[in-house]
Amino acid sequence: EGSTHMANHSRKQFPFGMLFILGSLIGLLASCGPSMPQEPVPLKIGERTFAMKLACDPASRERGLGGVRELPENEGMIFAFPQRSVRSFWMKDCFIDLDIVFVDDRSRVVDLGQMKAEPPRTANESLAAYEIRLQAGAARSRNPARFVLEFAAGTIDAIGLSIGDRVEFDA
């Protein structure tokens, strides 16, 4: 699948203290209305706190982290969708490697992996050719997800996150 490298993590016991301590998915969805907060939402994993931007509407989800040239290790983005579905994410106009975590509507990690930055569209490359190249390197969930989290590359390994771990949000 192009330059996509999906992490193959074995199922292991996730220490209780490493749970994403954030309340409920309902709270996150409630904050994704017309008055969506512009300030980052805190997301705590064990002793680490991440400042997460929200992408809850089609325009913000399409933009995602496009144009970002650096992402501090304590920041990221939460993509929220109205229902769960198999998700596919590509690296349009994104210049940095990212870790990606797919979460279902029961607060469980259903897939995760790494996404490598794609070279930008060249002057001789049509938009269609660029998008075909991006789709070839896309990260796809193997199971339906309602939320997608993006972090700086290396975050998944640093926190020991695995498929099946419980994730809780409180926006």
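The values are calculated or read from the model by the stated rules, or taken from the named source; none is laboratory data. As the structure is a prediction and not an experimental result, all values here were calculated from the model. We place every Cβ from the backbone using ideal geometry, glycine too, and count neighbours over all the protein chains shown. Note: accessible area is taken over every heavy atom of the protein model, side chains too, but ligands, DNA and RNA are not part of it. Shrake-Rupley method; radii C 1.70, N 1.55, O 1.52, S 1.80 Å.
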On the formula 1/(1 + (r/R0)^6), with r taken between the Cβ atoms of D105 and E125 and R0 of 35 Å, the FRET efficiency rounded to 0.05 is 0.40
Can you tell me the relative contact order of region 81-160? Whole percent, Cα pairs under 8 Å, sequence separation 6 or more. 46
Residues of region 81-102 with amide N under 11 Å of a point placed 7 Å along Cα→Cβ from A136: none
Tally up the carbon and sulfur contribution to the accessible surface of region 66-155 as a whole percent, 1.4 Å probe, everything protein left in place. 48
Over region 98-171, with neighbouring protein chains present, the accessible area per residue in Å² at probe 1.4 Å is 40
